[in-house]
Structure formats: structure tokens, C-alpha cells
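Step one of this worksheet: look at the structure below.
The values are calculated or read from the model by the stated rules, or taken from the named source; none is laboratory data. On a predicted model such as this, the values are computed, not experimentally measured, just so you know. Cβ: placed from backbone, ideal geometry, glycine included. Neighbour counts: every protein chain shown.
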Amino acid sequence: MNFSLIFQTLITGLAIGGIYSLMAVGYSLIFSILNFSNFAYGMVIMLASFMGYFAMSKLHVGMGIALFLAMVGAGTLSFFNERVAYSSLRKRHAPPLYFMISAMGTSIFLENMVYATIGSQYNAYPQIFAVPTIKIFGASLGKMDLFAIIFSIIAIYILNYFIQHTRTGISIRAASYDSTVAEINGVNLGAVIGLVFILAGLFAGISGVFLGIKYMAYPNMGWITNKAYVAAVIGGLGSLPGAVVGGIILGVLESFVSVYVSSTLRDVFSFGTLIIFLVFMPSGLFGKYLEEKV
Amino acid sequence: MLNIDQINVFYGRIHALRDVTMVVEPGRVVSLVGANGAGKSTLMMTIAGVLKSKTGGITYEGKPLEKEAHRVLSQGISLVPERRRLYANLTVRENLLMGAHLRKDKDGIQQDMEKMMNLFPIIRERLKQYAGTLSGGEQQMVAIARGLMSRPKILLMDEPSLGLAPLIIQQVFDIISELKSQGMTILLAEQNAFQALEISDNAYVLETGKITLSGTGEELLNDPRVQEAYLGVKAKAIEHV
């Protein structure tokens with residue numbers, strides 16, 4: 001066994017896992033409050049990736065500012081995604097299927113809008129580190145990977161603190177359990193849902209830029225963002241710790257399969273895992289609801 | 001004073017409340033008695049702003065009630081919903097904080113939290129536990145405390161005795177008497193007619209969406225129709241007819 005290769009594979013896996021976690025957290029936030037999978041979220045991530053790309057290659061700003069711009073842009077986009085595509089359904093108490101259809105429509109629209117305006121080519125981000133790797137324990141590790149791991153941890157830690165300890169955070173958790181009672185307790189549900197979409201958008205911004213740096217920005221990036229959905233299902237849709245754990249498991253699994261089995265089989269393993277979870281453990285590792293006692 | 005004037009509420013095509021008119025005066029305990037499906041919860045949810053009436057209106061202190069649930073609370077009307085509906089994924093303490101969601105006075109909230117723990121000693125022991133792990137009776141105490149945390153002027157209580165053991169039901173009614181003696185205005189929906197009527201100043205009987213009887217608690221307790229239908233007393237007067 002080659003220790004440095006295992007270490008290197010692990011770090012790469014953790015970096016991808018960190019990005020999957022960010023995306024899965026966004027999915028899960030929205031799922032937990034509206035109870036449907038927002039497939040338009042992948043397009044918000046794709047557009048964030050383009051925002052980061054244009055900021056860096058056309059405005060020539062550094063990665064930090066590009067990240068900031070992409071977060072603001074994706075947050076705004078995500079907010080309007082809800083106001084335009086879902087809020088009227090919500091007010092009419094439409095079943096989740098209607099939300100999914102609206103999400104798919106939004107998703108198709110956004111993807112094709114990018115094809116029509118920007119084009120279908122792959123857009124590589126400018127180089128970020130002059131020397132992209134560093135040597136640790138004989139393993140050659142991507143600096144961007146390490147940065148992605150650290151940044152993901154910080155972002156998720158801040159979000160978790162906000163959700164667990166602030167008044168607004170508690171009201172988000174309350175509304176995700178029982179939105180009617182939350183309203184009776186004085187929670188302005190429309191505002192809370194808007195905030196949840198903005199938070200999910202901020203995470204889309206971070207993951208969009210990281211994905212773009214790793215894999216380039218292109219209109220059908222959506223297939224990668226489906227991995228976020230896989231991660232969310234593994235962890236248990238609607239659960240934030242589940243999203244993080246699911247993302248990391250998926251990232252590390254993929255990275256090891258690519259290195260030790262075959263990179264062409266990588267997606268077979270990921271989507272195979274999705275099917276196994278959907279069949280045998282549909283509520284994932286950390287299901288959403290604690291049982292209610294009557 | 002809460003004035004409900006000729007409201008009609010529909011669930012799709014089902015006419016759930018028909019021309020319901022009632023009054024809740026300050027400092028009084030008013031109970032709403034009726035069987036399952038009579039419309040008690042519908043009325044409670046309508047007052048709380050969750051359901052909308054098609055015609056008629058509700059006013060509180062002369063002003064029409066707000067249309068949205070989260071604004072109704074800011075007018076001082078707080079609902080303890082049927083089946084408790086605690087946030088099972090939140091701790092007991094967080095459930096109480098949710099009750100005080102609209103308040104900004106941190107010290108006041110802390111004082112009220114302390115008050116609730118004195119009123120319901122079980123809350124002190126369970127403060128850090130998830131609400132979903134509590135027994136039904138404990139959950140009811142937390143639900144009432146959560147309803148009180150907003151410092152309401154009117155407390156709406158929807159079937160607080162539902163699904164509880166007799167001993168716990170007695171505790172719930174003791175709490176209601178205690179709140180009454182503190183001057184709280186309460187609108188109480190109950191199937192448990194006898195105990196509800198006993199502590200009520202006024203009461204209404206709701207049957208298939210309509211108010212069929214009203215009066216003081218005592219009048220209804222002694223009304224043969226109420227005794228027959230809700231108290232399990234076979235009225236002799238009717239037997240002889």
C-alpha cells in the first residue's frame with residue numbers, strides 16, 4: 001500500500017466532499033422548509049460558477065472578491081427563484097409535485113438561457129496559485145483542495161451556529177417542523193422562506209466557484225449538482241448534519257473509486273449508492289423527523 | 001372584547017362554520033363545547049388567522065382582526081393548538097422561546113421562562129430535552145406554557161385534555177382555573193364538557209358548524225339537552241315524553 005497515494009486521494013475526496021456538502025446543505029435547507037427537492041438549485045450553482053468565472057477573467061478580481069460576488073449574485077438569484085417560481089404555489093397550498101414541476105421548468109429555462117447567451121463552451125478559470133500543489137508527507141496536495149476543505153468547514157460551521165443558536169435560526173427549524181404553528185407563534189413564514197433561499201443561494205455561490213475552479217464553468221454543470229442531491233439523500237433529506245456527512249462520504253467514495261477502481265465507474269458507484277439508500281434507507285443516515293408522541 | 005360576527009368558513013366545498021356569532025369578554029373563561037367534527041378547531045384556527053372566513057368578521061377591542069396568523073399574535077391572541085403540536089425537533093426551552101418569538105425584551109422573556117417553570121415544575125426538569133421525547137401530559141404543559149410566553153391578552157385553548165390520562169386532565173383544568181384567577185381571558189374548546197362548563201363563565205354549544213345553544217356555564221350544565229348529548233345524563237324530562 002502506498003501511503004502517500006491514499007493520503008492524496010483522501011484529501012482530494014475531502015475537497016470534493018466539502019463542495020458536495022455545501023451544495024447538499026443548500027438542497028437540504030430548502031427541502032426541510034418546503035418539503036420538495038428544488039432541482040433549480042443546480043442551475044443557481046451553475047450561474048454562480050459563471051459569475052465567478054466572469055468576475056475573475058473579465059473583471060480581473062481576485063478569488064476572494066469573485067467568491068463574494070458569486071455569493072451575492074447566487075443569493076439574489078435563489079431568492080427570486082422562490083418568489084417567482086414557488087411563492088404563488090405555496091400560497092395556494094399546492095402539493096409538492098407542482099413545486100417539482102415548477103423547479104424543473106425554471107431549471108430548463110436557466111440552462112437554455114445560458115446556452116443561448118453565453119454558449120456551450122467550457123470556460124476555465126484563470127490560474128489561482130502559481131504553484132498549485134504542496135508536498136505534505138510525500139503526497140502532492142492541491143492548494144485549492146485544501147482551501148476548499150477549510151472554507152467549506154468554516155461556512156458550514158457559521159451556518160450551523162446561526163441555525164442552532166439565533167432566534168431566527170430557531171424559527172427556521174421550528175417552521176421546518178410545523179409551519180402553521182410557527183405562524184401562530186408569530187413567525188412571518190414568507191420572510192423565513194425568503195431567508196432560507198438566500199442562505200441556500202450563498203452556499204450555491206461558494207460551491208459554484210469551487211466547482212468552476214476544479215471542473216471549469218459550462219451550462220450543463222447540472223449533472224454534478226445532482227451529486228448534491230445524492231449526498232443529501234445519503235445523509236437524510238432535510239438534515240443539515242446529514243448533508244455534510246453525506247457529502248463527505250460521497251466525495252471520498254468517488255475519489256477512491258476513481259483512483260483504485262476506475263474513474264469511468266465513479267458515477268456508477270455514486271448513483272448506485274443513491275439507489276441503495278432510496279430502496280433500503282429512504283430517510284438516510286439522519287432522517288428528518290423525530291417521532292411525535294401522541 | 002373579542003367579537004365573532006356571523007362568520008362562515010369553508011374547506012373547499014364543505015361548509016364548516018355557519019353564521020357563528022359569539023363574544024368573549026375580558027377576564028372570562030368561555031368554553032366551546034361540541035362533538036368531534038363540530039367545527040371547534042375550525043373556529044379556533046379561524047380566530048388565530050390560519051383559516052379565513054368567507055363572510056362575516058372578527059373584531060378585537062373594536063378593531064378587525066389581522067388577516068395573517070403571525071399578525072394576530074401581535075394583537076394579543078395566542079392559540080394552544082389541538083394535539084399540542086410542539087416542535088418535536090426543538091428542545092423544550094426552544095419551544096418556549098418560539099412562544100416568545102415576537103418579543104424583544106430579553107429580561108422579560110427570561111422572567112417569564114422562570115414563571116412557566118414555577119407554574120409547570122416538570123418544564124424545569126425537561127428544559128434541555130427534545131420536545132418529541134416528552135410524554136403526552138408533559139407536552140401539553142409545554143404547549144400551554146408556549147402559548148403563554150407571548151404574554152397574550154386572550155388564550156385560545158383547543159382541546160387541552162385530548163388524549164390525556166384522567167389525572168393529567170385534572171392538572172390541565174387546575175392550570176386553567178389558576179390562569180383564570182390571575183385574570184386571563186380564555187376561550188376553551190373541549191369535548192370534556194362537564195369539566196369545561198364547570199369552570200366557564202359562558203359557554204357555547206357547537207353542532208355541525210352551528211351554535212345551537214349558549215348561556216352561562218351553569219345554565220348549560222343544567223340544560224337537559226346538554227346533559228343528554230354531552231354529559232351522559234339521561235334527562236328524565238325527555239324520557240317521560
- Item | Scope region A:112-141; condition more than 21 Å from the chain's Cα centre (by Cα) and closer than 11 Å to residue A:213 by Cβ; matching residues | A:126, A:127, A:128, A:129, A:132
- Message: Any residue that is closer than 30 Å to residue B:229 by Cα, crowded, with 16+ Cβ neighbours inside 10 Å and either in the same structural domain as residue B:71 (by TED's automatic domain parsing) or at pLDDT 95 or above (or both) - is there at least one of those in region B:145-155?
- Response: yes
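Results for (1) without any contact (Cβ under 8 Å) to a residue 12 or more places away in the chain; (2) surrounded by fewer than 22 Cβ atoms within 10 Å (Cβ to Cβ), shown as yes or no for each residue.
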| site | (1), (2) |
| --- | --- |
| B:140 | no, no |
| B:158 | no, no |
| B:174 | yes, yes |
| B:181 | yes, yes |
| B:184 | no, yes |
| B:190 | no, no |
| B:204 | no, no |
| B:216 | no, yes |
| B:220 | no, no |
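Which of the following residues is in contact (Cβ under 8 Å) with a residue 60 or more places away in the chain, in a helix (DSSP H, G or I) and surrounded by fewer than 24 Cβ atoms within 10 Å (Cβ to Cβ): A:22, A:67, A:29?
Values: A:22 fails: surrounded by fewer than 24 Cβ atoms within 10 Å (Cβ to Cβ); A:29 fails: surrounded by fewer than 24 Cβ atoms within 10 Å (Cβ to Cβ).
Sole residue among the options that is in contact (Cβ under 8 Å) with a residue 60 or more places away in the chain, in a helix (DSSP H, G or I) and surrounded by fewer than 24 Cβ atoms within 10 Å (Cβ to Cβ): A:67.
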- Query: Any idea which of (1) at pLDDT 95 or above; (2) surrounded by fewer than 24 Cβ atoms within 10 Å (Cβ to Cβ) is the one residue A:204 doesn't satisfy?
  - Reply: (2)
- Is at least one residue of region A:32-51 touching a helix residue (DSSP H, G or I) at 6+ places or on another chain (Cβ under 7 Å), modelled with pLDDT under 95 and at positive phi? yes
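Quickly run through region B:96-105 and pick out the residues that are within 10 Å of chain A (Cβ to nearest Cβ) and over 24 Å from the mean Cα position of the chain (by Cα). Step through it out loud before you land on a result.
Residues of region B:96-105 that are within 10 Å of chain A (Cβ to nearest Cβ), as a first pass: B:97-104.
Scanning region B:96-105 gives a single hit, B:104.
Residue-wise test of (1) under 16 Å from the mean Cα position of the chain (by Cα); (2) under 21 Å from residue A:157 (Cα atoms); (3) at pLDDT below 95.
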{"position": "A:8", "(1), (2), (3)": "no, no, yes"}
{"position": "A:12", "(1), (2), (3)": "no, yes, yes"}
{"position": "A:53", "(1), (2), (3)": "no, no, no"}
{"position": "A:59", "(1), (2), (3)": "no, no, no"}
{"position": "A:66", "(1), (2), (3)": "no, no, no"}
{"position": "A:70", "(1), (2), (3)": "yes, yes, no"}
{"position": "A:75", "(1), (2), (3)": "yes, yes, no"}
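Which of the residues belonging to region B:127-138 are surrounded by 22 or more Cβ atoms within 10 Å (Cβ to Cβ) and either of a type in the set (Asp, Glu) or farther than 17 Å from residue B:100 by Cα (or both)? Walk me through how you get there before you give the answer.
Residues of region B:127-138 that are surrounded by 22 or more Cβ atoms within 10 Å (Cβ to Cβ), as a first pass: B:131, B:134, B:138.
B:134, B:138 - these are the residues of region B:127-138 that are surrounded by 22 or more Cβ atoms within 10 Å (Cβ to Cβ) and either of a type in the set (Asp, Glu) or farther than 17 Å from residue B:100 by Cα (or both).
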- Message: Tally up the residues in region B:114-139 that are among the aliphatic types (A, V, I, L, M), within 14 Å of chain A (Cβ to nearest Cβ) and assigned to a helix (DSSP H, G or I), please.
- Response: 1
